[in-house]
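**Q** Here it is: the structure, laid out below.
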Amino acid sequence: MIKILPLLLAPLLVSTACAPQLVATAPPQAAARGAVSSADPRATEAGRSILAAGGSAADAALATMVALTVVEPQSSGIGGGGFLVYHDEASDRLSTFDGREEAPAAATQSRFLGRDGKPLPFREAQAGGRSVGVPGNFRLMELAHARHGKLPWARLFEPAIRLARDGFMITPRLHQALRNNESLVKLTAWGRDTYYGADGQPLAVGTSVRNPELARLLEAVAARGPDFYYNGPPAQALVRAVTTAPRNPSDMTTGDVATYDAKEREPVCGVYRNHRICGMGPPSSGATTVLAILEQVERFDLAALGPDSPEAWHLIAESMRLAYADREAYIGDPDHVRVPVAGLVDPAYLASRSALISPDRALANVAAGTPPGAPRVTAAADGEVPSTSHFVAVDRDGNVASYTSTIEAGFGSGVTVDGYFLNNQLTDFSFVPSANGAPVANRVEGGKRPRSSMAPTIAYGPDGEVRIAVGAAGGPTIIMQVAKALIGVIDWNLSAQAAIALPGLWIRGDGIFVEDGTPLAAMIPALAAKGHRVTAGEAPFKGNAIERVGGRWVGAADPRSEGVSLPE
């Protein structure tokens, strides 16, 4: 069962006005030789400035990630990890980089079980040191820069250092996150003193905040390289912070930090309506699940149905339910469990799953299938919640970076060190190590990386050229947002901007949620008539994309967020 925690959605929500039709529109961005799109204008500008200086798409994406540490501290940055999908135009080669956080070597399967042997409540497990995984973003940055960077390493830090040193303003989204996560942010004196006033209230929108501690750290890593972070005083400070945390102290060691490595992994690709869709393989569940959703609806004429059709959304919902059942059962860290990636995206297997979908009636119950090569494992929910940040960069040479980064929940574990928040990524593991007499693929193990919904994606058109790079934030809804955006572009001939802005539908267990205040909510009776259990709710959506239009690049950013795209 996918576990969505409604109380955890509020910190990152921006309300959406009711639109008269499903296809939302926004002013198009100017077509350009290159572009950057992210969830924060200041981070987007950081990436754009790197492109303007002659940097590659990799350089721009990496600079954007570091800048997000400063201006979007609740969602992503150097205290967490991420996945990068990269298209190199000169070689026509696609690479994927895994910078997912890792559990300490001492972690055991009972890490998030109480004394009674039952799973801890999420909030109890989240706060403090035990939920923190070894951050991976600096090692990912190192690997991607070595492969695809053009500018010097230190140059990529300059925009973020300026923001941290000179100050950045509190935005409405950050203010709301501070209000709704007060106890977590105040877990450390630094969090309390940096983001709350003497009256104990969150700093007002428009307040300028300086972060000299983070500026000093970034200056040191810029000058000395990532080894300084993983082997020097920053690693010692990190371990000290998590092992002496006010709640749930960790068993992480400096050896755990020193031995962390980012990994280049094989992309996972499939074909949907003559488009090659590529993304990140395990421990991400993004590519396999997005491809399953798409290929299971390919036999239906979604183009004819259109985005205003309840029938189209019924089919999408059913495909999501089937794909997520397989995700929960089989996806884990491939270095620790056997993941049947080829079987999960096998066309014959997906055709058999698609055959379960009826245009007229929702399945009463959905269970995982048995893809070719599947091991004997069982499904269990994880604790993944909405947060995260996605950003995209394209340079003048046609290189494309699609990067999703996260510290997991809003403000992660609440533990801070050197001016940044540390992740609570280990709560993305399934708390239950076994069920129904079989092991859970995503169970906690020492040195293991938890399953993720992050789904950075690059889609190639029938001509073989990149058509769109897209990704999203929002915990388990990420995959659904990406699949919806690709259907919008490919089936409904929408711009990337309009496709991202489409109202969303997501699943919870055997029920579905539709985005409140949109025409999808008006479809509840039609969807219920097909047997769906439907609820309207607020959505933690935050997507970003860049698409090729007439040989030029046009950016897109979710109107629900504070994000923008900027041309080079």
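What follows is calculated from the coordinates using simple rules that are stated; it is not laboratory data. Owing to the predicted nature of the structure, the values given are computational and were not obtained by experimental measurement. With ideal geometry, Cβ positions are generated from the backbone for all residues, glycine too; neighbour counts draw on all protein chains shown.
**Q** Between Arg240 and Arg147, how many nm apart are label points set 7 Å from Cα along the C-beta direction?
**A** 3.5 nm
**Q** Turning to a different aspect of this structure: Counting only pairs 8 or more residues apart or on different chains, how many lysine pairs in the chain have their Cα atoms under 25 Å apart?
**A** 10
**Q** Right, next: Full-extension gain between Arg361 and Asp463, please, as 0.36 nm times their residue separation minus the C-alpha to C-alpha distance. The partial results should precede the final answer.
**A** On the way: separation 102, 0.36 × 102 = 36.72 nm, distance 3.69 nm.
Full-extension gain reported as 33.0 nm.
**Q** Let me ask another. If R₀ is 41 angstrom, what is the calculated FRET efficiency for the pair Glu89 and Asp510, using the beta carbon separation as r and rounding to 0.05?
**A** About 0.40, to the nearest 0.05.
**Q** How large is the translational diffusion coefficient of region 450-510 in µm² per second when you combine the Kirkwood radius over alpha carbon pairs with Stokes-Einstein at 10 °C and 1.306 mPa s?
**A** Roughly 129 µm²/s, to the nearest whole number.
**Q** Under the Karplus relation 6.51 cos²θ - 1.76 cosθ + 1.60, θ = phi - 60°, what is the ordered set of whole-Hz ³J(HN,Hα) values for region 212-228, x standing for Gly and Pro?
**A** Running phi through 6.51 cos²θ - 1.76 cosθ + 1.60 with θ = phi - 60° gives x, 4, 5, 4, 5, 4, 5, 4, 5, 5, 4, 7, 10, x, x, 4, 4 Hz.
**Q** Between Rg and the Kirkwood Rh of region 401-493, both from Cα atoms, what is the Rg to Rh ratio?
**A** Taking Rg over the Kirkwood Rh, I get 1.09.
**Q** Roughly how many whole Å is it from the C-alpha centroid of region 317-365 to that of region 193-265?
**A** First find each Cα centre; the distance between them is then 38 Å.
**Q** Can you show me the helix-derived [θ] at 222 nm for the chain, built from DSSP H runs with n ≥ 4 at -39,500 (n - 2.57) apiece and divided by the number of residues, rounded to the nearest 500.
**A** The helix contribution divided over the chain gives -9500 deg cm²/dmol.
**Q** What is the magnitude of the charge dipole of the chain about its Cα centre, with +1 placed on the Cβ of each Lys and Arg, -1 on the Cβ of each Asp and Glu, and no other charges, expressed in debye to the nearest 20?
**A** Charge dipole, the chain, about its Cα centre: 620 debye, nearest 20.
**Q** At R0 = 25 Å, how high is the FRET efficiency between Asn274 and Arg396 if r is their beta carbon distance? Nearest 0.05 is fine.
**A** Step by step, r from the Cβ atoms, then E = 0.35.
**Q** Further question on the same structure: Two-decimal Rg/Rh of region 226-292 from alpha-carbon positions, Kirkwood Rh?
**A** 1.25
**Q** Just checking my list [x] 85, 63, 43; [y] 60, 58, 48; [z] 87, 55, 42 against Cα extents along the principal axes in Å computed from this structure; which label fits?
**A** [y]
**Q** Using the C-alpha gyration tensor of region 253-352, what are the square roots of 5 times its eigenvalues, in whole angstrom, with the largest one first? All intermediate terms of the calculation are to be shown ahead of the outcome.
**A** Values: eigenvalues 203, 35, 33 Å².
After diagonalising the Cα gyration tensor, the semi-axes are 32, 13, 13 Å.
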